[in-house]
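Have a look at the structure below before the remarks.
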Amino acid sequence: MIVAEPSFETLETPFGPMRTHILRPVVPGRYPAVMFYSEIFQITGPIRRTGAMLAGHGYIVAMPEVYHEFEEAGTILAYDQAGSDRGNKWKYEKEVASYDADTRAMIDHLKVREDCTGSVGALGICLGGHLSFRAAMEPEVRGTVCFYGTDIAQGSLGKGKSDDSLRRAEEIRGELLMIWGRQDPHISLEQRRKVLARFDELNLKYSWHEVNGAHAFMRDEGLRYDPELALHLNREMLNFFHRTLGEGNR
């Protein structure tokens with residue numbers, strides 16, 4: 001489906017207003033929604049293009065500016081060392097409670113939209129992979145896709161580098177699709193196995209893919225991009241969301 005021009009919602013959170021980018025099919029109707037959490041660079045070109053691809057398959061896609069406490073609305077960090085340093089600085093200065101409040105604000109907004117079926121999922125890449133994993137703990141979230149989520153095994157997200165994500169995994173009631181790169185320098189085999197062991201301990205409903213790719217192999221900019229893997233895994237993602245979130249009415 002053709003995708004409508006982006007719109008923006010400013011959602012109120014206890015930690016300040018958060019601009020959220022909304023993409024949806026241009027055809028009127030009611031659609032499932034996906035909260036799409038970005039990398040540390042916020043809503044870059046690759047993130048927008050992935051969001052548009054997803055929206056074109058029949059979803060409302062909500063993309064939050066995760067560093068709204070620290071940056072002006074609309075800020076995009078560059079894919080360079082300075083951008084990486086700034087993004088990582090905010091990643092570890094933002095409170096975990098603020099990450100969670102962002103998710104709650106989006107769910108509350110999506111549930112009452114007239115163009116939403118009320119079915120909500122989550123998607124994230126890198127930092128966003130961890131944030132989508134935490135979003136899965138919300139009772140409304142039916143399906144969650146995490147692309148190489150960082151800091152999950154280490155419990156090092158947020159201010160103080162101390163999160164409770166793995167411990168709270170027992171709260172997840174929906175289904176998970178976890179995707180990792182075996183050559184990812186930021187997420188070791190030992191760390192992936194720690195997450196996997198926790199899933200099996202809790203008997204979570206999940207699918208697990210480890211592919212031959214480095215960190216950011218889904219990003220269609222830069223030397224690590226693998227178009228073949230991206231095409232295959234985007235199809236896996238779409239099939240997963242169609243099955244877990246259902247389809248829209250148009």
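What follows draws every value from the coordinates through simple rules; no lab data is involved. Not measured: the values here are computed from a predicted model. A quick note on method: Cβ atoms are made from the backbone with ideal geometry, for glycine too, and the neighbour counts reach across all protein chains shown.
Structure values in brief
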item	result
Normalised contact order of segment 1-91, rounded percent, pairs of Cα under 8 Å and 6 or more residues apart	32
Dipole of the chain, positive end: most advanced residue of Ser207, His186, Met106 [Cβ charges, Cα centre]	Ser207
Mean Cβ neighbour count within 10 Å, used as a protection proxy, ranking 53-65, 163-175 highest first	53-65, 163-175
Rounded to 5, the percent of DSSP beta bridges in the chain classed as antiparallel	30
FRET efficiency estimate (nearest 0.05) - Cβ-Cβ, Ala52 to Ala82, R0 30 angstrom	0.65
Gyration tensor verdict on segment 184-245 (Cα atoms; rounded if a/c is under 1.5, prolate if a/b is larger than b/c, oblate otherwise)	oblate
Segment 174-250, dipole about Cα centre (Lys/Arg Cβ +1, Asp/Glu Cβ -1), debye to the nearest 20	160
Check: the chain dipole with +1 on Lys, Arg Cβ and -1 on Asp, Glu Cβ, in debye	440
Length released on extending from Asp220 to Arg104, taking residue separation times 0.36 nm less the Cα-Cα span	38.8 nm
Pairwise FRET efficiency - Phe15 versus Asn234, Cβ, R0 = 30 Å, nearest 0.05	0.40
Estimated FRET transfer efficiency (Ser7, Arg193; beta-carbon r; R0 41 Å; 0.05)	0.45
Distance (nanometres) between label positions extended 7 Å along Cα→Cβ at Asp164 and Asn212	4.2
Length-normalised contact order of the chain in % [C-alpha pairs under 8 Å, at least 6 apart]	18
